[in-house]
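As structure tokens, the structure follows; a few thoughts come after it.
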Amino acid sequence: MYLWGKMSISENTLTAEFHRLVSSADEEVFEDGMETAFSNGLIAFVKRYGDLAIDVLAGHIIGETINAEVAAEVLRWIGQMDDVKTHHKRRWLLERCLNCSSARVRDGAVLGLSFLDDPHAIPYLESAIEHESIHELRRDMEQVLDQLRETKAEKAL
Amino acid sequence: VPLILRSIRKARWYNEDLPWLAPDEPQADVLADLNTSQNTLSVWLIEDDRSNLERVITALAANRNRPSNFDYAIIDRQFLDGIGVKFDHEPGQTPDRDVNRWHLDMIELSASGLLMFARTLYAHAQKERILEKRIRHLITEAVNSGHLDRSELRATMLGKLQLS
């Protein structure tokens, strides 16, 4: 059981809600810059359950129990959404997923970090670049790394 | 030689080492980036010196609901002439009227023709990405300079860019 405010909520309840969300993604065609019922539902899920929701997402993405296209879409949107309360936990999941086995999931994590624009991810990206075997993806990681370094420099001024 | 641009999702085009996939063969999911309608596919003409590239990208990115990264494939037109692709000049529908004249439809596409196009893009196109932070800057600049018609941008886009 999780504690959710003053109430308790079972992991199964959260997982079932996430599975309903994932099922709804079957009908979706994902495009950059366009919301879908899935992305809106995902944001609502994270805002409602906070860090608990991220734990559920992490279990499914890292455990590879959802397909890579949907996992990557989740990572893009958790980087893009506005929610101060879950910022650290969302950033943690994005940093962690830079090491996932699927290139698409790694790309989703890279994009999520580019939206989040938090320089905390710099060492994680540096490490991921060292290990990345796909040339194109490594270039995309380097581009995000440059952006985060610029953000860090701007913040230091 | 002019170039042809098509918006894509780069991750679908990675040369990933998958045990079931033959070397140099694209994954089937690349076809999700090549949705046809009436056997036509929308693409954009880029000058050989790429002088209109940023403006086309800005107009296409501004046509969305919100600022996001913009991924694209760009290829020399001669590769497409080599596989018999036919083009039709049909004005585009972006918030930048000048950009709309650089729109082309690839027409009379058969299923095998589309697959050949996918293979040609996979083998010969450059796949690039502009990050969301840069896209925000480009759209804001284009609105301020008057290249983009603010009234044609979606309210969600204007809100995210604090231009409403």
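The values are calculated or read from the model by the stated rules, or taken from the named source; none is laboratory data. Because the structure is predicted, anything quoted here is derived from the model rather than measured. Quick reminder, even Gly has a Cβ in these numbers, built from the backbone with ideal geometry, and neighbours come from all protein chains shown.
I'd like to check something: does segment A:52-68 contain any residue that is modelled with pLDDT of 90 or more, over 30 Å from residue B:139 (Cβ atoms) and touching a strand residue (DSSP E or B) at 6+ places or on another chain (Cβ under 7 Å)? There is at least one residue in segment A:52-68 that is modelled with pLDDT of 90 or more, over 30 Å from residue B:139 (Cβ atoms) and touching a strand residue (DSSP E or B) at 6+ places or on another chain (Cβ under 7 Å). Is it the case, given these coordinates, that residue B:163 is without any contact (Cβ under 8 Å) to a residue 24 or more places away in the chain, surrounded by 14 or more Cβ atoms within 10 Å (Cβ to Cβ), more than 14 Å from chain A (Cβ to nearest Cβ) and not small (Gly, Ala, Ser)? Taking the combined requirement at face value, the residue satisfies it.
Identification of helices (runs of 4 or more DSSP H) wholly contained in segment B:98-164 with 1 or more residues that are within 23 Å of residue A:34 (Cα to Cα) and in contact with a Lys or Arg (Cβ under 8 Å, 6 or more places away or on another chain) yields B:132-145, B:155-160. Here is the figure for segment A:81-109: residues that are within 16 Å of residue A:129 (Cα to Cα) and either aliphatic (A, V, I, L, M) or away from chain B (no Cβ under 11 Å) (or both) total 10. In the condition set (1) outside any strand (DSSP E or B); (2) within 14 Å of another protein chain (Cβ to nearest Cβ), residue B:73 is compliant with all but (1). Scanning segment A:110-131 for residues that are surrounded by 15 or more Cβ atoms within 10 Å (Cβ to Cβ) and away from chain B (no Cβ under 11 Å) gives A:118, A:119, A:120, A:121, A:122, A:124, A:125, A:128, A:129.
Residue B:79 falls short on exactly one of the conditions (1) within 20 Å of residue B:54 (Cα to Cα); (2) within 19 Å of the chain's Cα centre (by Cα), and that condition is (1).
Could you please give the count of residues in segment B:138-151 that are acidic (Asp, Glu) and surrounded by 14 or more Cβ atoms within 10 Å (Cβ to Cβ)? Number satisfying all stated conditions: 1.
Do you know which of the residues in segment A:132-144 that are more than 23 Å from residue B:66 (Cα to Cα) and of a type outside the set (Ser, Thr, Tyr) is surrounded by the fewest Cβ atoms within 10 Å (Cβ to Cβ)? First the steps, then the outcome.
We begin by selecting, within segment A:132-144, every residue more than 23 Å from residue B:66 (Cα to Cα); these are A:132-139, A:142.
Subset that is of a type outside the set (Ser, Thr, Tyr): A:132, A:134-139, A:142.
Working: A:132: 21, A:134: 17, A:135: 10, A:136: 20, A:137: 22, A:138: 15, A:139: 15, A:142: 15.
The residue in question is A:135.
Scan segment B:52-70 for residues that are within 11 Å of chain A (Cβ to nearest Cβ) and outside any strand (DSSP E or B) and the total you get is 10.
From the list B:77, B:97, B:9, exactly one residue is surrounded by fewer than 21 Cβ atoms within 10 Å (Cβ to Cβ), within 25 Å of residue B:161 (Cβ to Cβ) and of a type in the set (D, E, K, R). Which is it? Explain how you work it out, then say what you get.
Values: B:77 fails: within 25 Å of residue B:161 (Cβ to Cβ); B:9 fails: surrounded by fewer than 21 Cβ atoms within 10 Å (Cβ to Cβ).
Result: B:97 is the single residue among B:77, B:97, B:9 that is surrounded by fewer than 21 Cβ atoms within 10 Å (Cβ to Cβ), within 25 Å of residue B:161 (Cβ to Cβ) and of a type in the set (D, E, K, R).
Among the residues of segment B:9-34, just one is in a loop (DSSP other than H, G, I, E, B), touching a strand residue (DSSP E or B) at 6+ places or on another chain (Cβ under 8 Å) and either more than 9 Å from every other protein chain (Cβ to nearest Cβ) or free of Cβ contacts under 8 Å to residues at least 12 places away in the same chain (or both), namely B:34. If you go through segment A:55-107 and keep only what is within 20 Å of residue A:12 (Cβ to Cβ), under 10 Å from the mean Cα position of the chain (by Cα) and surrounded by fewer than 21 Cβ atoms within 10 Å (Cβ to Cβ), you end up with just A:58.
Determine, yes or no, whether residue B:49 is more than 14 Å from chain A (Cβ to nearest Cβ), outside any strand (DSSP E or B), more than 30 Å from residue A:116 (Cβ to Cβ) and in contact with a Lys or Arg (Cβ under 9 Å, 6 or more places away or on another chain). Let's see the steps before the verdict.
Working: more than 14 Å from chain A (Cβ to nearest Cβ): yes; outside any strand (DSSP E or B): yes; more than 30 Å from residue A:116 (Cβ to Cβ): yes; in contact with a Lys or Arg (Cβ under 9 Å, 6 or more places away or on another chain): no.
For residue B:49, the condition - more than 14 Å from chain A (Cβ to nearest Cβ), outside any strand (DSSP E or B), more than 30 Å from residue A:116 (Cβ to Cβ) and in contact with a Lys or Arg (Cβ under 9 Å, 6 or more places away or on another chain) - is not met.
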